[in-house]
Amino acid sequence: MPRSFFAMRSFTLEDFDYELPEDRIAQEGVEPRDAARMMVVHRDGRPFEHRRVRDLPDYLRPGDVLVLNRSRVIPARLFAKKPTGARIEVLLVREVAPGEWLALLRPARKAPPGTRLFFEGGEAEVVEVVEEGLRRLRFFTDPWALMERAGRAPLPPYIQAEVPFERYQTIFAKTPGSVAAPTAGLHFTEGLLSRIREKGVLVHELELHVGPGTFRPVKGRIEDHRMHEEVYLVPEATAGAVNAALEEGRRVVAVGTTVVRTLESAAEGGRVRAGPGRTRLFIRPGYSFRVVGALFTNFHLPRSTLLMLVAAFAGYERTLAAYREAVARGYRFYSLGDAMFID
């Protein structure tokens, strides 16, 4: 089917639905990390392959530029009490000024502006309600110290098991700021990265601090969905390596949808711009990729923007066929589940 067909087709949410037995939602990661299963999806129509993440170097080429997201998950889940004693769950989303954070509160309607929140060893006030249900909080104690003392891992709602904080962290995580893990990177080990480099692949990093919008459901018309804003940084060395690859016809391999959205957001005039930025980029079928040539990713939720991004990259029919096969073959899904490599 020609690409232009999908550019013209109007998709609905139902187009991105699939049946998934509840026991396929991974509640823990495998050990070692690179022992997870990996489906290989060739965009040229060759049969799917079923391997392990440790086999990824077999599908990389000398000169490829593999890009990782080095953002570190912060212990952003906190619990507070109002002066009445009522309990409020707080998910800190992004620091907007010293001592001020955007946050999601539950139950939100019980916390209008002016509400005082008392944490274990800290205090904050709801300053205002901003877009998309977020509230701005002003802290009267150091919020970073508060998170270190009382914060918990911001696990997605479909993970019911207790997961050690470092298991929900990539081995290359450096810069604190994410409230959800860039989960494709969870599969990597030092040994796997060493073998990738030995093959002649250039490994580089960037940052996109993942917000809660990664789990935000799409409601209504796909065209009306608005992504949460996320901040990113493309280092000079990463931009240089990616631009050289683009000029010379070598592949840029993105580890995860966060890397895809960062590189595509930073693309300008056939090159990737170094430096900080903000993005609300919503990639769905019909999008023309300017930078990314291969993608390593997890299996994503039905009706999610992440699944739509994968369908834009691999092709809608190809993606849904791969998901059907993954369900039939018992792959593990979502953040701590198995992986897919699309070339």
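The values are calculated or read from the model by the stated rules, or taken from the named source; none is laboratory data. As the structure is a computational prediction, the values presented were derived from the model and not from experiment. Every residue, glycine as well, gets a Cβ built from its backbone with ideal geometry; the counts of neighbours run over all protein chains shown.
Here is a list: 280, 273. Which entry is touching a His at 6+ places or on another chain (Cβ under 9 Å), more than 30 Å from residue 23 (Cβ to Cβ) and among the basic types (Lys, Arg)? Let's see the steps before the verdict.
On the way: 273 fails: touching a His at 6+ places or on another chain (Cβ under 9 Å).
The match here is 280.
Spot the failing condition for residue 63; the list is (1) within 23 Å of the chain's Cα centre (by Cα); (2) surrounded by 14 or more Cβ atoms within 10 Å (Cβ to Cβ); (3) not hydrophobic (A, V, I, L, M, F, W, C), and only one is missed.
In the conditions (1) within 23 Å of the chain's Cα centre (by Cα); (2) surrounded by 14 or more Cβ atoms within 10 Å (Cβ to Cβ); (3) not hydrophobic (A, V, I, L, M, F, W, C), residue 63 misses (1) alone.
Being closer than 20 Å to residue 27 by Cα and part of a loop (DSSP other than H, G, I, E, B) is true for just one of 217, 156. Which residue is that?
Numbers: 217 fails: closer than 20 Å to residue 27 by Cα.
Result: 156 is the single residue among 217, 156 that is closer than 20 Å to residue 27 by Cα and part of a loop (DSSP other than H, G, I, E, B).
Quick test of your reading of the structure: residue 285 fulfils all but one of (1) more than 24 Å from residue 10 (Cβ to Cβ); (2) part of a loop (DSSP other than H, G, I, E, B). Name the failing condition by number.
(1)
Looking at region 193-214, which of its residues are under 22 Å from residue 235 (Cβ atoms), touching an Asp or Glu at 6+ places or on another chain (Cβ under 8 Å) and outside any loop (DSSP other than H, G, I, E, B)?
Hits for region 193-214 are 202, 208.
Can you list residue pairs whose Cβ atoms sit under 9 Å apart, with the first residue in region 19-34 being farther than 10 Å from residue 336 by Cα and touching a residue at least 40 places away in the same chain (Cβ under 8 Å) and the second being among the basic types (Lys, Arg) and buried (at least 16 other Cβ atoms within 10 Å of the Cβ)? Count only pairs 6 or more apart in sequence or on different chains.
Partner pairs satisfying both residue conditions: 24/332; 32/54; 34/54.
Here's a check for you: in region 296-336, which residue that is assigned to a helix (DSSP H, G or I) and either among the basic types (Lys, Arg) or not assigned by TED's automatic domain parsing to the domain that holds residue 28 (or both) is surrounded by the fewest Cβ atoms within 10 Å (Cβ to Cβ)? Working first, answer last.
Here is the first cut: in region 296-336, the residues assigned to a helix (DSSP H, G or I) are 305-314, 316-328.
Then keep just the ones that are either among the basic types (Lys, Arg) or not assigned by TED's automatic domain parsing to the domain that holds residue 28 (or both); that gives 318, 324.
Working: 318: 20, 324: 12.
Here the answer is 324.
Within region 32-42, does at least one residue satisfy the condition of being in contact with a Gly (Cβ under 8 Å, 6 or more places away or on another chain), surrounded by 18 or more Cβ atoms within 10 Å (Cβ to Cβ) and in the same structural domain as residue 337 (by TED's automatic domain parsing)?
Yes, region 32-42 has at least one match.
If only one of 87, 52, 94 is assigned by TED's automatic domain parsing to the domain that holds residue 183, touching a strand residue (DSSP E or B) at 6+ places or on another chain (Cβ under 9 Å) and charged (D, E, K, R), which one is it? Reasoning before the result, please.
Values: 87 fails: assigned by TED's automatic domain parsing to the domain that holds residue 183; 94 fails: assigned by TED's automatic domain parsing to the domain that holds residue 183.
Only one candidate passes the filter, namely 52.
Looking at residue 209, is it of a type outside the set (A, V, I, L, M, F, W, C), in contact with a helix residue (DSSP H, G or I) (Cβ under 6 Å, 6 or more places away or on another chain) and buried (at least 19 other Cβ atoms within 10 Å of the Cβ)?
Values: of a type outside the set (A, V, I, L, M, F, W, C): yes; in contact with a helix residue (DSSP H, G or I) (Cβ under 6 Å, 6 or more places away or on another chain): no; buried (at least 19 other Cβ atoms within 10 Å of the Cβ): yes.
No; evaluated as a whole, the condition is false for this residue.
Of all the residues that make up region 220-234, how many are in a strand (DSSP E or B) and either over 22 Å from residue 177 (Cα atoms) or modelled with pLDDT under 90 (or both)? Walk me through it before giving the result.
Our first condition is that a residue be in a strand (DSSP E or B); within region 220-234, this holds for 230-234.
Still in the list and also either over 22 Å from residue 177 (Cα atoms) or modelled with pLDDT under 90 (or both): none.
Residues that pass the stated criteria total 0.
Can you name every residue in region 92-117 that is assigned to a loop (DSSP other than H, G, I, E, B) and over 17 Å from residue 131 (Cα atoms)? Quick ask: steps written out before the conclusion?
Filtering region 92-117 for residues assigned to a loop (DSSP other than H, G, I, E, B) gives 98-99, 107, 111-115.
Selection gives 98, 99, 114, 115.
For residue 165, state whether it is aromatic (Phe, Trp, Tyr) and loosely packed, with under 14 Cβ neighbours inside 10 Å. Spell out how you get there, then give the answer.
Numbers: aromatic (Phe, Trp, Tyr): yes; loosely packed, with under 14 Cβ neighbours inside 10 Å: yes.
So residue 165 passes the test.
Could you tell me which of the residues 28, 100 is assigned by TED's automatic domain parsing to the domain that holds residue 142, of a type in the set (D, E, K, R) and surrounded by 13 or more Cβ atoms within 10 Å (Cβ to Cβ)? Steps first, answer last, please.
Values: 28 fails: assigned by TED's automatic domain parsing to the domain that holds residue 142.
Unique residue meeting the criteria: 100.
Going by the structure shown, is residue 183 of a type in the set (S, T, N, Q), under 19 Å from residue 303 (Cα atoms) and modelled with pLDDT of 90 or more?
Details: of a type in the set (S, T, N, Q): yes; under 19 Å from residue 303 (Cα atoms): yes; modelled with pLDDT of 90 or more: yes.
So residue 183 fits the description; yes.
If we scan region 271-281, do we find a residue that is under 18 Å from the mean Cα position of the chain (by Cα) and buried (at least 19 other Cβ atoms within 10 Å of the Cβ)?
no
Restricting attention to region 65-91, which residues are over 30 Å from residue 272 (Cα atoms) and assigned to a strand (DSSP E or B)? So that I can check it myself, show each step before the final result.
Start the filter on region 65-91 by keeping residues that are over 30 Å from residue 272 (Cα atoms), which leaves 75-91.
77, 78, 79, 80, 81, 87, 88, 89, 90, 91, listed by residue number.
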